[in-house]
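Encoded as structure tokens, the structure appears first; notes follow it.
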Amino acid sequence: MVRILYFRLLFTLPVSTVLCLAVFSPATASPADAPGTHRITITFTSDRQHNGAAVWFDADGRLRTQTDVPLAHQDAQTKLWSASLVYTRRSPSEPLDALFQSTGSLSRCEIWVDSVLVADDTVRGHHPTSTCRPRN
């Protein structure tokens, strides 16, 4: 009986160690972008975690909508909530607008192409709606 328990302990310890290393090893942030593509980042920010609606164009230039938009990240200093959509696309001529309605008193949207801010809008008020359209 003692030998069986000792064997199980000796077997379980290395297996557990390997599994922990596999599960808790750091992952890469994101794969490299394909050549000739642009990384698009659309960020919505509000003073509330759960919000009204968001509208944006996806990687294929199709209009997308979402209601009851939850924002996943809260900034510790400002206490504002935010979430980002990140995708890549080839054509810079596709539409790149975004709209965001907050249920609080602050609504902000930002659109980044690669590392360049191309559009941003901040609106304050009762259930404000921010609209982002790239500057030409």
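Here, each number is a calculation from the coordinates, and none is a lab measurement. This is a predicted model, so every value here is computed, not measured. So basically every Cβ, Gly included, is an ideal-geometry build from the backbone, and we count neighbours across all protein chains shown.
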Exposure proxy check: Glu110, Glu94 ranked by fewest other beta carbons within 10 Å?
Glu94, Glu110
For Pro128, what charge total do you get from the other residues with a beta carbon under 12 Å from its beta carbon, if Lys and Arg give +1 and Asp and Glu give -1?
+1
Taking 0.36 nm per residue of separation and subtracting the Cα-Cα distance, what length does fully extending Val113 through Asp58 add?
18.5 nm
Explain nothing, just compute: Karplus ³J(HN,Hα) = 6.51 cos²θ - 1.76 cosθ + 1.60, θ = phi - 60°, for every residue of the stretch 69-85 in order, whole Hz, x for Gly and Pro.
7, x, 9, 8, 10, 10, 6, 5, 7, 8, 6, 8, 9, 8, 8, 10, 9
Assuming 0.36 nm per residue, please report the length gained on full extension of the stretch His127 to His50 beyond their Cα-Cα distance.
26.5 nm
Show me, for the stretch 47-60, the HN-Hα J-couplings you get by feeding each phi into the Karplus relation (A = 6.51, B = -1.76, C = 1.60, θ = phi - 60°), rounded to Hz, glycine and proline as x.
8, 10, 6, 9, 10, x, 9, 9, 9, 7, 9, 7, 4, 9
By how many nm would the segment from Asp120 to Ser105 lengthen if fully extended, with 0.36 nm per residue of separation less the alpha-carbon distance?
3.7 nm
5 Å is the cut-off here: which amide hydrogens, built 1.01 Å from N in the peptide plane, fall below it relative to Leu80, excluding neighbours closer than 5 in sequence?
Asp75
